[in-house]
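So the structure is just underneath, and the comments pick up after that.
The values are calculated or read from the model by the stated rules, or taken from the named source; none is laboratory data. Quick caveat: nothing in here was measured; it's all calculated off a predicted structure. Note that we place each Cβ from the backbone using ideal geometry, even for glycine, and neighbour counts take in every protein chain shown.
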Amino acid sequence: MPDLTGKKVAILVADGFEQVEMTGPREALNGAGAETKIVSPKDDQVEGWNHYDKGDKFPVDVRLSDADADDFDALLLPGGVANPDQLRIKPEAVEFVRSFVDSGKPVAVICHGPWTLIEADVVRGERLPRCRAVVPALSTPVRTGSIRNASSTTASSRVVSRLTFPHSTKRCSRNLPKAPTTAAVRSRDS
């Protein structure tokens, strides 16, 4: 992984994020010198999940209402079913995500993470990996998180690292630091 000293990465999560999808990439980013900050609509702590079981609680560094994309170099969107489902109905979360994309900053997403991107209407024409939970068999309205209805395409690979949207459908911690977090600090011009 490249040296990320001086880079600041926002990790946007709500209660119910898949814990390994935050902790693995965060560890890799911090290990490369980046400064990571948990941004959340919650005030003090946000709770992760280990698939169907409650996980650990993590301190919130920046409350979403106080967060500004201009203060960060990149954004990480972990998955977990409840996490993006909560974030995509919060206008301030959708706008926070959109601000990163509009400014050309990298956004790394994992598993269910694209739901928030879809709600922000920023994935049209983008190529994302297939994830059974995000690409439903039947076409559904965009607000339910359908990549198909967001006019995006899918790839059969587990990781797609293309400019702004490195994304992994594999939440295994041994794969995450190698893929999305490595690409997470690349700019559109890299």
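Here are some notes:
- In region 59-81, residue nearest to Val13 (Cα to Cα) [restricted to those that are touching a residue at least 40 places away in the same chain (Cβ under 8 Å) and not aliphatic (A, V, I, L, M)]: Pro78
- Candidates Ile11, Ile110, Ile89, Ile38 - the one that is without any contact (Cβ under 8 Å) to a residue 40 or more places away in the chain, under 22 Å from Val123 (Cα atoms) and not acidic (Asp, Glu): Ile89
- Of all residues in region 57-81 being among the charged types (D, E, K, R) and either in contact with a Ser or Thr (Cβ under 7 Å, 6 or more places away or on another chain) or surrounded by 13 or more Cβ atoms within 10 Å (Cβ to Cβ) (or both), the one that is farthest from Glu95 (Cα to Cα): Lys57
- All conditions but one from (1) at pLDDT 95 or above; (2) within 19 Å of Lys105 (Cα to Cα); (3) buried (at least 20 other Cβ atoms within 10 Å of the Cβ) apply to Pro25; the one that does not is (1).
- For Gln45: the one exception among (1) surrounded by fewer than 17 Cβ atoms within 10 Å (Cβ to Cβ); (2) under 15 Å from Ala14 (Cβ atoms); (3) at pLDDT below 95: (3)
- Residue within region 48-63 that is touching a helix residue (DSSP H, G or I) at 6+ places or on another chain (Cβ under 9 Å), of a type in the set (Ser, Thr, Tyr) and farther than 15 Å from Gly113 by Cα present: no
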